[in-house]
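The values are calculated or read from the model by the stated rules, or taken from the named source; none is laboratory data. Quick caveat: nothing in here was measured; it's all calculated off a predicted structure. Cβ placement follows ideal geometry from the backbone for every residue including glycine, while neighbour counts extend to all protein chains displayed. Please note that ligands, DNA and RNA were not included when accessible areas were found on the heavy atoms of the full protein model with its side chains. Shrake-Rupley method; radii C 1.70, N 1.55, O 1.52, S 1.80 Å.
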Amino acid sequence: MSLRIAVVGGGRRYEALRIPRTTRIQRLSHGRSHVNHLPDGAQQQARDDALAHADPLVANGWVYGYDAADDAP
């Protein structure tokens, strides 16, 4: 097998493993963009109160606890 074929094949495997996870992260990020940038007011205060009483890292542990080696073939 040539180096070029090995590199192309490796890149395709990498994409196949990464695209579903990165797509999910992007969707969540875009979905939260309006909540993260609320103008001062009642909605912003409600958001801040909710964040003060919850650990957002718990709900997003799958993002921060990810180990790429677990997905390696």
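Things worth noting here:
- Using the 1.4 Å probe convention, the accessible area of the chain works out to 85 Å² per residue with neighbouring protein chains retained.
- Simple rule: put +1 on each Lys or Arg Cβ and -1 on each Asp or Glu Cβ in the chain, find the dipole, and look at P39, A68, V7; the Cα lying farthest toward the positive end is V7.
- Dipole magnitude (debye, nearest 20) for the chain, charges at Cβ of Lys, Arg, Asp, Glu: 560 debye
- Only one of (i) 1.67; (ii) 1.15; (iii) 1.08 was calculated from the structure for Cα Rg over 2.2 N^0.38 Å, and its label is (i).
- Candidate residues R18, R24: accessible-area rank, largest first, probe 1.4 Å: R24, R18
- Residue-by-residue Karplus 3J(HN,Hα) for the stretch 24-40, coefficients 6.51, -1.76, 1.60, Hz, glycine and proline x: 4, 4, 5, 4, 5, 5, 5, x, 8, 4, 6, 5, 6, 10, 5, x, 3
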